[in-house]
1. With θ set to phi - 60° and the Karplus curve 6.51 cos²θ - 1.76 cosθ + 1.60, what are the ³J(HN,Hα) couplings of segment 408-422 in order, to the nearest whole Hz, using x for Gly and Pro?
2. Using the heavy atoms of the protein chains alone and a 1.4 angstrom probe, what is the accessible area of segment 56-106 per residue in square angstrom?
3. So, in Å, what gap is there between the alpha-carbon centers of segment 320-376 and segment 435-484?
4. Amide H neighbours of Thr411 under 5 Å, counting only residues 5+ apart in sequence or on other chains, H built in-plane at 1.01 Å?
5. Please give the peptides 276-287, 180-191 ranked by average Cβ packing (other Cβ atoms within 10 Å per residue), highest first, as a rough proxy for protection.
6. Where q = 0.17, 0.19 Å⁻¹, what log10 of I(q)/I(0) comes from the Debye formula for segment 196-291, counting one point per Cα?
7. Can you give the log10 of the normalised intensity I(q)/I(0) at q = 0.10, 0.19, 0.22 Å⁻¹, computed with Debye over equal Cα scatterers of segment 234-352?
8. For every other residue with a beta carbon closer than 13 angstrom to the beta carbon of Gly86, add +1 if it is Lys or Arg and -1 if Asp or Glu, then tell me the sum.
Amino acid sequence: MTRRLFIAIALCALLLPAAPQAQPASARLTILHTNDTHGHLRPFSYPTVVPAGSELESLPQRRDIGGIARRAALAQKIRTEQKGRGIPVWLVDVGDFADGTPFSTEYKGEADVAAMNAAGYDFATFGNHEFNTSLAQVRKLLQLTRHPVLMANAVDRATKRPLGQPWRVEKIGSVRVGLFGLITREAATYQAAREGVDILDEIATAKDVVAALRKQADIVVLLSHAGEGTDLKLAAEVPGIDVIIGGHSHSRMPIGQFVPRGDDLKQSGVKGTVIVQAFQWGGELGRLDLLFERDGSRAWRVSRYRARLIPVTPDMPAEPMVAAVVDRYWTPIAARYGEVVARATGDFSSRGDDAAPYNLVADAVRETFRVDVGFENAGGVRAPLVAGDITRTDLVTMDPFGNTVILFRATGAQIRDLLTRHAPYVSGLRYRLVDGRLEEAAINGSPIEDGRTYTCATNSYFAEFALKGIAQDNTGRLRIDVVTDYLRGKGAVTPAYDGRRVVIGRRGRSGG
């Protein structure tokens, strides 16, 4: 009987359901992030002279920094370290990887995508500058990209379907992490979008996506190429976003930013949003370490985080496979873009409103076409020039857009209106604008005469939105070619910091 009883008890034990296993109370994730790399696949340098109080001034190193091969090696090192601790690592990019160097000019984003594929990116979104080519090229980039490209608010106008993947859910241990992507509404004005893509409102789209994601995910991460200002609005107005990896505004956030929220989300445990962004050009690699924990209701929340920016410096090795990809695209164009065009006697940088690169471009166009005034929009000259040899690479980095030179005639009254509305950079003109009021303005040393007609020049981008109603003559000459020929003729150029443009309390329209 004893033996039979023992067997019966044993059989009952086997048939009884197993005791539930205790669920882990925490999980960790590291997100490495880049944004606005703008074709900077190779290392680069900033000028020695940088604007006081600017993001550049706070960089720990400004010479021979960045390069995707170095960045990939750094990311791999962090992956290996975290793997030993059982912590997964994601490498993500938040857009504007193209449009800024000879790689973008020649390969329209394909070199950047190939290098990112080799570097092992896990997720990405596109930026507005990826839309600066044709829609067919955007579709090609999406096909070439090996990692998911998340864009919830970019919709194919013909099919009404998202251009990329709107969102996805990944498991980190027991935690379901939802990711989605947004692109700035500014992309709607770019070529590919005009050809057939609707860019929906960021806030409205985020509200719809987060409501859907929260049914499937414990934590929500947004890849946002919408800019710091919009990211702050998203954090404040869209309940349920735990983390925003940002881009577009080129903001440098060394320790990130936390936007707290009230008690409206007690059930989910979310108490605020962590926002990070890694400035520009890949000179630093963003790192965000996250700790997820269960709250009293057993829901997951971001319990702790640490954000930092890691300099990508010359002492870091280059990842061989990524370096080989970069070389494959660089070698065919090296001779052309390595050509020395002229020499800079000093750094062409910015000192307050005095921006020597803009002054150089405006002077080159005005002098070449022998007009009274030259205009250049804010944001239309994208990089400084470092003292020393000026190569075609430097010029393409400074002017990557392919804009042509536009000639036009304008009365003094029309010029006053241009200055007041757009605060452009200028040549042949000096002015002072205070809180939108034009207090001083002189052309070639004489006060502007409202009834007089002046000859003027600008670029095709500025002309498109600023010269409505004014007759224009498109010369067909690329602005970069005009500047290149001008520099060749000069041989050497000295930066002009001459106070020709003073703008207090307002800035002009950017873009290119």
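The values are calculated or read from the model by the stated rules, or taken from the named source; none is laboratory data. In this text the structure is predicted, and so the values were computed from the model without any measurement. Note that each Cβ is placed from the backbone with ideal geometry, even for glycine, and that neighbours are counted across all protein chains shown. Accessible surface areas use protein heavy atoms only, side chains included; no ligands, DNA or RNA. Shrake-Rupley method; radii C 1.70, N 1.55, O 1.52, S 1.80 Å.
1. 7, 10, 9, 6, x, 5, 5, 5, 4, 5, 4, 5, 5, 7, 10
2. Ligands and nucleic acids excluded, the result is 38 Å² per residue.
3. Answer, in whole Å: 21.
4. Tyr454
5. 276-287, 180-191
6. Values returned for q = 0.17, 0.19 Å⁻¹ are -0.75, -0.92.
7. Rounded to two decimals, the profile gives -0.54, -1.10, -1.24.
8. Details: positive: Arg28, Arg79, Lys83, Arg85; negative: Glu81.
With Lys, Arg at +1 and Asp, Glu at -1, the net is +3.
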